[in-house]
Amino acid sequence: MDPSTRQLDWFDSEHARSALSALDEGALPRHIAIIMDGNGRWAKKQGKPRIFGHKAGVVSVREMIASCVELKIPYLTIYSFSSENWTRPEDEVTGIMKLFVEVLSREVINLNKQNVRVKLIGNIADLPEVTKAAFEECVQSTANNTGLTLVVALNYGARQDVVTALRTISDEVSAGVLCSDDINTELISTKLSTAGIPDPDFMIRTSGETRLSNFLLYETAYTELYFTEILWPDFKRDALLDALLSFQGRNRRYGGL
Ligand code: FPP
């Protein structure tokens, strides 16, 4: 990839410039999914409350969006709040829900400027009313954009998503709309909340943890996984470029030879 065709702020480090030169623009993932982990530890290291880490994490989210836009990667999915995250202390959950509202009201202009379309996956109905309204407004406001699709996983759990899909299929079989022979892997994909979104080619998890934590379990059957020790608030463009170089070194065989 020729760095000179990239925006000026891509040249802010020698590292980015050389990584960019090594990247093959024609072999980038179509869909990147990210488990943004390590905000709490990042804050603790600086003697700050956990919410400070989540706020710093938003800067990395902004940088990933701009990077995917710049690299013309069509889909980015971010695990923003899992269905298990409700078990965190109440003040942290309230802080994250408030942070979403603040960030969305501030960022929606930038998302539109960058031609980003926001989609949501997960059980949105159970979010606090203001948070739900802020996300729904953001989805509506960006619905006609044609660039990057940013999929925000909110109150999301992959197993719960599969259960919902199976219930829909079961209802359709009972109603005679489907018969059991119609059930195949493609049909199940169309009933998941990720219907219409291609499976992720590449999944990144930060902070040194090496598990999937109930994220996109059905969709990641052939996804390349990338784990890094970097804590999410420190995961910026250079780190993404390194991850993409690793992706381009993989030999994807999808179970074949
Ligand atoms: C994981 O770190 C992070 C979260 C559960 C929240 C992530 C949310 C954001 C970065 C904000 C995203 C903003 C928008 C607008 C979508 P952790 O708390 O599990 O960190 P730890 O493992 O070090 O405790």
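The values are calculated or read from the model by the stated rules, or taken from the named source; none is laboratory data. Model, not experiment: these values are computed from the prediction. With ideal geometry, Cβ positions are generated from the backbone for all residues, glycine too; neighbour counts draw on all protein chains shown. Just so you know, the surface numbers come from the protein's heavy atoms only, side chains and all, with ligands and any DNA or RNA stripped out. Shrake-Rupley method; radii C 1.70, N 1.55, O 1.52, S 1.80 Å.
So here's what we get for this one:
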quantity	calculated
Out-of-range pairs (alpha-carbon distance over 23 Å; input K98/K191; K113/K191; K45/K236; K48/K236)	K98/K191; K113/K191
Mean-position separation - Cα centroids, the range 17-45 and the range 98-172, in angstrom	21 Å
Cα-based equivalent ellipsoid, the chain: semi-axes from gyration tensor eigenvalues, Å	29, 24, 18
Charge dipole (debye, nearest 20) of the range 55-115; +1 at Cβ of Lys and Arg, -1 at Cβ of Asp and Glu	280 debye
Stretch gain in nm, segment E92-R62, where the contour uses 0.36 nm per residue and the Cα spacing is subtracted	8.7 nm
Accessible area of the chain divided out per residue, in Å², using a probe of 1.4 angstrom	51 Å²
Computed label-point distance, nm, for sites V177 and N251 using a 7 Å Cα→Cβ extension	4.5 nm
Amide H contacts of L120 (H built 1.01 Å from N, under 5 Å, at least 5 apart or other chain)	V152
Whole-number percent relative contact order across the chain, with pairs defined as alpha carbons under 8 Å at least 6 apart	27 percent
Bridge type composition, the chain - antiparallel percent by DSSP, nearest 5	0 percent
Semi-axis lengths, Å, the range 1-145, gyration tensor of Cα atoms, sqrt of 5 times eigenvalues	29, 20, 13
Spatially proximal aspartates and glutamates relative to K72 (Cα-Cα < 12 Å; intrachain offsets below 8 disregarded)	E25
Taking the range 1-122 and dividing mean pair separation by its residue count, relative contact order in percent (alpha carbons under 8 Å, at least six apart)	23 percent
V130, V162, V116, reordered so the largest accessible area comes first (probe 1.4 Å)	V130, V162, V116
Residue-count net charge about R211 - beta-carbon cut-off 13 Å; Lys, Arg +1, Asp, Glu -1	-2
Candidate residues W86, W42, W232: accessible-area rank, largest first, probe 1.4 Å	W86, W42, W232
Bins of 10 Å, starting at 0 and running to the largest distance - Cα pair percent for the range 217-257	23, 45, 27, 5
Neighbour net charge for D171 - beta-carbon separation under 14 angstrom, K R +1, D E -1	0
The chain - percent of accessible surface contributed by carbon and sulfur, probe 1.4 Å	52 percent
